[in-house]
Every structure is written in C-alpha cells, then in structure tokens.
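The values are calculated or read from the model by the stated rules, or taken from the named source; none is laboratory data. Just so you know, these numbers come straight off a predicted model, no measurement behind them. Neighbour counts are summed over all protein chains in view; Cβ atoms, including those assigned to glycine, are modelled from backbone coordinates with ideal geometry.
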Amino acid sequence: MVLKVKMGGFEVSKSPEVLETLLGSCVAIMLYDRGKKIGGMAHVMLPKTMDDNIKNPGKYVNTAIPAIIAKMVILGARTDRLTAKIVGGAAMFKKSSAIDIGKKNADAARQELKQYKIRIIGEDIGGDVSRTVKFFLKDGKAVIRYRNNEKII
C-alpha cells in the first residue's frame, strides 16, 4: 500500500508499505531502521519553528525529525540503528529575489540529523525541478523521479 505524505505532514509505517510525496523546494526527510524495516517520511516546508504547540510537526525540520523518531520507536525501531535520506530542496524560483528556501531546508535537515547522530546515507538535493520520491520500507530504497529521469538512493 502506498501512503501519501502531504505537504507539511509525515507518515511512519512498517514494511511492505511505501511512502510517497511530491517535492519542489520542500525536503523529504526519510528515516529507516533496516533491521525492523520501519521507516518514516516528513515533507518539510520550512527549516524551523519556535512554537512548541504546533499542530503539524511535519512542516518544520526541527519538529519533524523528533516526531518521526517518536512514532518509529513506538513501532519498535531502535534509535541507534536509524539512517537517513534527504530529497528535494529545488530552487523553484530562480528568477525571483526570494531566498533559496530549498537550500535552507536541506541545510537545516543535515544539521538536525547530525544533532541526533543519524547518518545520512543518501541525498538528492537541489536543482531547479520538482520530483516525486517513493520510499520502500521493505528495503529502504528511495526512488526519485523528475522529468524523464529516475534515480535510486
């Protein structure tokens, strides 16, 4: 079964489920426990919030990662075995004077994962096109599709 991860949301499940999302400047953060075949994906929109009472922790990097970890532990994952993959962070608005939120999201994800001592084992960050990512919990593979290309990390 494919679980769709909405913008600003997150999902956690076990094999054989597949987590999927569509990304532009947002970043998908995927955590995985290979031994238990438990994984989670957040579709983060912004690097950080200072609000402790947010209703959707998947929206921000600094709240999404602890939320995913907490749900994964409930399903039986071990925090010392978690690995991560990050995808997205495209510069979708090159012609505008807007800040590069994609790069900021990716940088925040790397920093937050480092604080949790979670090793990033795969990345597909940047560029200027949207992409779809499917995260297969049976083996931890992430399949990224953009334009007419496909990449597996």
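Some points to look at:
- Cβ separations smaller than 6 Å between residues 6+ apart or across chains give the following pairs from segment 68-91 residues that are polar (S, T, N, Q) to residues that are surrounded by 17 or more Cβ atoms within 10 Å (Cβ to Cβ): Thr83/Tyr32.
- Condition met for Lys103 (of a type in the set (D, E, K, R), at pLDDT below 95, assigned to a helix (DSSP H, G or I) and under 26 Å from Asp128 (Cα atoms)): yes
- Of the set (1) within 20 Å of Val133 (Cα to Cα); (2) outside any strand (DSSP E or B); (3) touching a residue at least 60 places away in the same chain (Cβ under 8 Å), all apply to Met7 but (3).
- Residue in segment 57-76 that is farther than 16 Å from Ala42 by Cβ and crowded, with 16+ Cβ neighbours inside 10 Å present: no
- Here the condition is being of a type outside the set (S, T, N, Q) and farther than 19 Å from Phe136 by Cα; of Lys36, Lys14, Lys55, it holds for Lys55 alone.
- Looking across segment 19-45, the residues that are among the aliphatic types (A, V, I, L, M) and surrounded by 19 or more Cβ atoms within 10 Å (Cβ to Cβ) come down to Leu19, Leu23, Val27, Ala28, Ile29, Met30, Leu31, Ile38, Met41, Ala42, Val44, Met45.
- Subset of segment 24-79 (residues that are of a type in the set (Gly, Ala, Ser) and either closer than 30 Å to Arg147 by Cα or at pLDDT below 95 (or both)): Gly24, Ser25, Ala28, Gly39, Gly40, Ala42, Gly58, Ala64
Rundown of residues vs (1) touching a Ser or Thr at 6+ places or on another chain (Cβ under 8 Å); (2) under 20 Å from Arg119 (Cα atoms); (3) among the basic types (Lys, Arg), yes/no style:
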{"residue": "Ser25", "(1), (2), (3)": "no, no, no"}
{"residue": "Arg34", "(1), (2), (3)": "yes, yes, yes"}
{"residue": "Ile38", "(1), (2), (3)": "yes, yes, no"}
{"residue": "Val44", "(1), (2), (3)": "no, yes, no"}
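- Within segment 107-138, considering residues that are free of Cβ contacts under 8 Å to residues at least 60 places away in the same chain and within 24 Å of Leu3 (Cα to Cα), the one surrounded by the fewest Cβ atoms within 10 Å (Cβ to Cβ): Val129
- For segment 39-83, filtered to residues that are assigned to a helix (DSSP H, G or I) and among the β-branched types (Val, Ile, Thr), the residue that is farthest from Gly102 (Cα to Cα) is Ile74.
- Per-region count, segment 106-153, residues of a type in the set (S, T, N, Q), in a strand (DSSP E or B) and modelled with pLDDT of 95 or more: 1
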